[in-house]
Every structure is written in C-alpha cells, then in structure tokens.
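Novice: Structure below; questions to follow.
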Amino acid sequence: MIYRQFALDCFFKDNPQVPAKPLIQVAELLHSTLPRPKAAFDQIKAMDKGWETPNEGLNTLIQIVKEQAAVRPAYIDANCDDAGEGDSEKTAHLMRQLVRLIMEHGEGIAPCVDSSDEYVIKAGLEEYYRLAKPGAPKPLLNSAAEERMKYTWEYQNIGPCNVVYMLTGGAQGEGGATPELLHEKALKFFREAKARGYQPGQIFYDCTVIPFVVEFSRFGQPGFNYINLQAIKKIMSDPEMKGVNTIFGITNVIRQFPPGRKMGVVRAFLQVAMECGLTAGIVDAVKDFGVKPPEDPEILEIARAFCEYDGSD
C-alpha cells in the first residue's frame, strides 16, 4: 500500500490539474467499439467533410468528451481502431481528429492515445504536441509491448509521454506464465526505459484482466487473475521500481457475463485489485469506479475467491 500511494503521489504531482483520487482514471467511453461513439463515427464518415461540418455524429463525440471531462479523470481514452476498418492511414486521420476534440473540449485533460497500430499512436502523439501549449500534461500512450519496443523509444522524440506497457507472453496463462515471469518482464522494461530517460511515474504496467467466465475453466490450477494480481503485488513492492503504476481495463472482467449485477462485479474486482496495488484503471469515470466502494459484501467475497484462487483444493 505504501508503494501504491507513492506512485499516486508522483502522478498527481506531475499532473496538478487533475484532482487526486484513489485511482488514476482513464475515461473509456470514447472508444469506437461502443454503440454510441460507433454510431457517431458512422455518421461522420458518411459525410464528405464530417469533421468540419456541424452534424449529429460530431456533436455526439464532443458531448462524450465533455461528459467525461466534467468528472475530472486523469486521461480521456481515444480509440478509433474499429472505425478505421484496418486502414492505418484512415485510422491515423481519425485519431488526429479525436485528439483535437479532446484538446478543444476536454478542459485541459490529456488524451490516452489508444491503438494496436504504432503508426496511429504516433499520429495521435504528433497531433497532441502540434496543439499543446507549454506546460501541457503528458499524454498516455496505450500501448507498448515487447515485440514493438523501438516505437516506444521513438515516441519520446515527439514529446514527453507516459506509456502503458503490456506484460505479454503468457499473461493469460499461456506459456506457463507466473507472477515471477511477469515481474521479470516488468523489471527488464523498467531498466531500459529508465536508461532512455523515462521516470518511474511515466510507466504503467498492464498485466491484463481475464473475464470471470473464463476462470471457470481454471479449477485445479492457478487462476489467470490470481497470477496477474500476484504479479502486480511483486511489481509494486519492488524497491527498484518504486513509483511505477499498474493499470487494468477493468470492465474486461465482465465480458460474456450474463445480465444482472455487472457493475457490482466490476466494483468488487476493482476493490481487490486496488488492495493488491493497482493504481490506475481504464473505466467509465462517470460511475466513480475506484472512488465509490462496492456495496454488496457477497459479490465482493465471490470476486475475492476468484482472485485468490491459487489452484489448491
């Protein structure tokens, strides 16, 4: 808990315009896979000059930015991969437009430039620093990974940035993943990033979240989320990496989940993850995830049972 608080203190010292909260929140609603922004992107793309001419789709995206900015998250996530339909050039253009909207309507909150395409991330970062004023907060880039490390170092040439590093290579239980292996990967990245000028608070490790429905197949062996949460404990208690952050896409835990108490499950899982040292979450910031505690002790008990399942009887 001491290391987790230190990481939070470092972040908010570097970003004084963001009110301190128990969790560094990355607001997730500007994502082109979600119904509301997806429909907005479709409307904009159907017009010749949809980003320049006032229209319902553009107004919707602006409203999503404003709604999220009003609750003061640390970042506003921008992901348009689905809207770009696999075309890097098209997706990069959309990312530049999203970054511009966040800059114009996000009340000074930095974007989280979120893409699986390195070219798209670069485009978003370039647009941010084309528009940013002196003293603007560092944006968050999601994400770096072992197989595309060179891009991570090149991003720093565009402007200072915080970066999410995916601890891949067995993070979902493949290849004999263990907390020790994920900690080792984190430490390797940390040492190289530090040598290239990154400060600990600029680094966010993502060990991934596995849906609880998948965990039903893990009886008799350590649960996926158990492995990942234990890795977070090791990372956040390592004195060499003091000040780094850990991050999850929290709502992944309820993928394929039946209708019902989904938000209760998310809050319960987040509570357990924060106890393990989680400092940041990609969340619906409007719902106060990480601020409002879980209300149902039974759901919390069930979530804790899944997250603590080490494979033993």
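Novice: Which of the following residues is open to solvent by 20 Å² or more (accessible area, probe 1.4 Å), outside any helix (DSSP H, G or I) and in contact with a helix residue (DSSP H, G or I) (Cβ under 8 Å, 6 or more places away or on another chain): E107, E126, E154?
Specialist: Result: E107 is the single residue among E107, E126, E154 that is open to solvent by 20 Å² or more (accessible area, probe 1.4 Å), outside any helix (DSSP H, G or I) and in contact with a helix residue (DSSP H, G or I) (Cβ under 8 Å, 6 or more places away or on another chain).
Novice: Being surrounded by fewer than 23 Cβ atoms within 10 Å (Cβ to Cβ) and modelled with pLDDT of 95 or more is the filter here; which residues of region 261-275 pass it?
Specialist: Of everything in region 261-275, those that are surrounded by fewer than 23 Cβ atoms within 10 Å (Cβ to Cβ) and modelled with pLDDT of 95 or more turn out to be Q271, V272, M274, E275.
Novice: Those residues that are surrounded by 21 or more Cβ atoms within 10 Å (Cβ to Cβ) and acidic (D, E), I need them from region 204-239; list them, please.
Specialist: Residue satisfying the conditions is D206 alone.
Novice: Please verify whether region 57-67 includes one or more residues that are within 21 Å of R148 (Cα to Cα), acidic (D, E) and modelled with pLDDT of 95 or more.
Specialist: Checked region 57-67: no residue is within 21 Å of R148 (Cα to Cα), acidic (D, E) and modelled with pLDDT of 95 or more.
Novice: Going by the conditions given, is V164 crowded, with 20+ Cβ neighbours inside 10 Å and free of Cβ contacts under 8 Å to residues at least 24 places away in the same chain?
Specialist: Here the answer is no, as V164 does not meet what is asked.
Novice: Kindly provide the set of residues from region 249-294 that are among the acidic types (D, E), more than 22 Å from K234 (Cα to Cα) and over 13 Å from the mean Cα position of the chain (by Cα), ordered by number.
Specialist: Passing the criteria: only D288.
The values are calculated or read from the model by the stated rules, or taken from the named source; none is laboratory data. A quick note: this is a predicted structure, and the numbers were derived from the prediction, not measured. Cβ coordinates were reconstructed from backbone atoms using ideal geometry, including for glycine residues, and neighbour counts include every protein chain displayed. Please note that ligands, DNA and RNA were not included when accessible areas were found on the heavy atoms of the full protein model with its side chains. Shrake-Rupley method; radii C 1.70, N 1.55, O 1.52, S 1.80 Å.
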